[in-house]
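Read through the structure below, which is laid out as structure tokens, and then see the notes.
The values are calculated or read from the model by the stated rules, or taken from the named source; none is laboratory data. Not measured: the values here are computed from a predicted model. Don't worry about glycine lacking a Cβ; one is built from the backbone with ideal geometry, like all the others, and counts go over all protein chains shown. Note: accessible area is taken over every heavy atom of the protein model, side chains too, but ligands, DNA and RNA are not part of it. Shrake-Rupley method; radii C 1.70, N 1.55, O 1.52, S 1.80 Å.
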Amino acid sequence: MSTDVAGAEAPQVKGKFLGIFICWLLGNGSLFAWNSMLTIEDYYVHLFPDYHPTRVLTLAYQPFAFGITLIMTYYEAKMNTRRRNLAGFSLFFLGSFALIILDIATKGRGGLGVFVGVCIISAIFGTADANCQGALVGDLSLMCPEFVQSFMAGLAASGVLTSALRLVTKAAFESSKDGLRIGAILFFSITCLFELACLLLYTFVFAKLPIVKYYRSKAAAEGSKTVASDLAAAGIISDQQAQVEEDPQKHKRLTTKELLMENIDYAFDIYLIYVLTLSIFPGFLSEDTGAHSLGTWYALVLIAMYNVWDLIGRYVPLIQCLKLTSRKGMMAAILARFLFIPAFYFTANYGNQGYMIFLTSFLGLTNGYLTVCVLMEAPKGYKGPEQNALGNVLVVCLLGGLFSGVVLDWLWLIGKGW
């Protein structure tokens with residue numbers, strides 16, 4: 001494999017737009033199954049009214065997503081990125097298929113046993129997320145920033161697509177007998193097909209794009225071992241051991257701990273963004289916003305508005321004059337978001353649904369915007385292997401924030417029978 005990247009402008013840009021689109025689809029696939037489970041919360045609340053399904057399923061998902069990502073980040077330098085991604089998308093596909101089989105086998109009946117089965121599948125989705133999200137963010141961090149932005153936008157777009165699909169299926173089957181269940185089964189059938197498409201795209205298309213081969217070859221030349229399988233899938237074999245012996249200084253990299261210490265503010269930024277967001281979304285929005293004129297559509301509308309504005313927020317940093325690059329500015333904006341907690345509390349108790357929809361939209365906008373600002377800025381100035389490691393570290397912080405937010409979300413239930 002040639003390690004000379006000088007004058008390689010052609011492979012550096014060839015296939016870029018297709019790569020951006022595939023990153024967007026892979027971002028979708030990394031959360032599509034999980035968002036599908038969240039978006040049919042009205043069906044699960046109907047089946048399991050006594051078990052707080054929105055909160056419990058999230059609590060089943062997050063420890064696996066966070067714990068496994070933490071372990072994989074510790075061993076990141078030795079991990080096979082390709083195997084992680086293939087395992088992740090395979091689990092998303094099989095878990096979605098298992099939800100359909102479980103529902104058909106039990107004929108749409110509720111009960112504790114069925115709920116435990118759904119919780120196990122939620123944990124499988126968490127395991128899949130740990131494989132995909134950390135591996136892909138790390139891998140894309142060593143490529144052009146647009147790939148990371150597109151992947152993160154895809155994560156948000158999965159929420160928009162699932163919300164739109166759920167609104168359509170709910171409207172189409174609401175008046176029919178057993179319509180809620182039919183809509184949910186159709187929903188997960190679409191999810192299965194989408195996850196299979198993502199698996200095939202990553203397996204056979206993405207690795208062979210010239211721009212992807214260029215950046216992975218560059219990372220391998222700088223000492224990265226995580227890209228070897230993907231390069232082999234693209235027909236490129238590297239002899240890294242010979243390169244290390246030839247120039248050992250060139251392959252030295254900062255340790256994961258050193259990277260964390262240099263970027264501790266970014267780590268806290270991404271953690272605090274998701275602590276705040278998940279302490280409100282989706283549990284509080286699904287169960288604690290009172291009764292309004294929209295009736296059973298109210299929670300679905302709130303979740304849909306959050307997802308739409310989260311997606312919009314992830315594209316705002318592409319406008320250079322609106323992109324936040326100051327590290328202190330990011331921290332100030334992230335800390336200011338904690339004002340959402342009293343704002344949501346008073347709006348839920350004293351405001352109307354219009355104010356709640358506005359607040360939810362602004363929550364989504366700031367979540368998407370600040371997430372992309374942090375993940376686009378943090379890897380700048382590092383070698384490929386260091387960018388990959390830092391991407392994995394930031395995903396651990398993100399999932400740690402998600403997990404903490406899910407736990408804190410239960411505090412809204414104080415004084416309501418708990």
- Given the options Val137, Val118, Val13, which has the most mean-square fluctuation in a GNM of the chain, springs set between C-alpha atoms less than 10 angstrom apart? Val13
- Task: Springs between alpha-carbon atoms under 10 Å, Gaussian network over the chain: tell me which of Leu165, Leu26, Leu140 tops the mean-square fluctuations.
- Result: Leu165
- Query: Name the trypsin sites (Lys or Arg not before Pro) in the range 125-199 that are in a loop by DSSP and that have at most 12 other C-beta atoms within 10 Å, would you?
  - Reply: Lys177
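If you keep only loop residues by DSSP, which trypsin sites (Lys or Arg not before Pro) in the range 64-134 have at most 14 other Cβ atoms within 10 Å of their Cβ?
Details: sites: Lys78, Arg82, Arg83, Arg84, Lys107, Arg109; in loops: Lys107, Arg109.
Those that pass, being in a loop and sparsely packed, are Lys107, Arg109.
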- Task: Working from Cα positions, state the angle (0 to 90°, nearest 10) between the long axis of helix 179-204 and the longest principal axis of the chain.
- Result: 0 degrees
- Message: Using alpha carbons only, how many angstrom separate the centre of the range 36-82 from the centre of the range 112-190?
- Response: 11 Å
- Candidates Gly354, Gly95, Gly368; GNM for the chain (alpha-carbon contacts under 10 Å) flags as most fluctuating Gly354
- Item | With all protein chains modelled, accessible area of Trp297 [1.4 Å, Å²] | 70 Å²
- Nearest 10 degrees, 0 to 90: what angle lies between the long axis of helix 353-377 and the longest principal axis of the chain (Cα atoms)? 10 degrees
- Message: Keeping all protein chains in place and using 1.4 angstrom, which order do Leu25, Leu231 fall into by accessible surface area, from largest down?
- Response: Leu25, Leu231
- Message: As a test of reading the structure, rank Val168, Val56, Val212 by solvent-accessible area (1.4 Å probe, protein chains only), most first.
- Response: Val168, Val56, Val212
- Using a basic spin-label model with each label point 7 Å from the Cα along Cα→Cβ, how many nm lie between Ile237 and Leu167? 5.4 nm
- Just how much of Tyr51 is accessible, in Å², when a 1.4 Å probe is used and the result is rounded to the nearest 10? 80 Å²
- Quote the accessible area belonging to Ile236 in square angstrom, nearest 10, computed with a 1.4 Å probe and with ligands, DNA and RNA left uncounted. 40 Å²
- Relative to the longest principal Cα axis of the chain, at what angle does helix 210-221 sit, 0 to 90 degrees, rounded to 10? 60 degrees
- Order by protection proxy (mean Cβ within 10 Å, highest first), peptides 253-259, 31-37: 31-37, 253-259
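Take every Cα pair under 8 Å in the range 296-369 that's 6+ residues apart, average their separations, divide by the length, and report that relative contact order as a whole percent.
Across the range 296-369, relative contact order equals 61 percent.
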- First select every other residue whose beta carbon is under 15 angstrom from the beta carbon of Gly29; then total the charges, Lys and Arg +1, Asp and Glu -1. -2
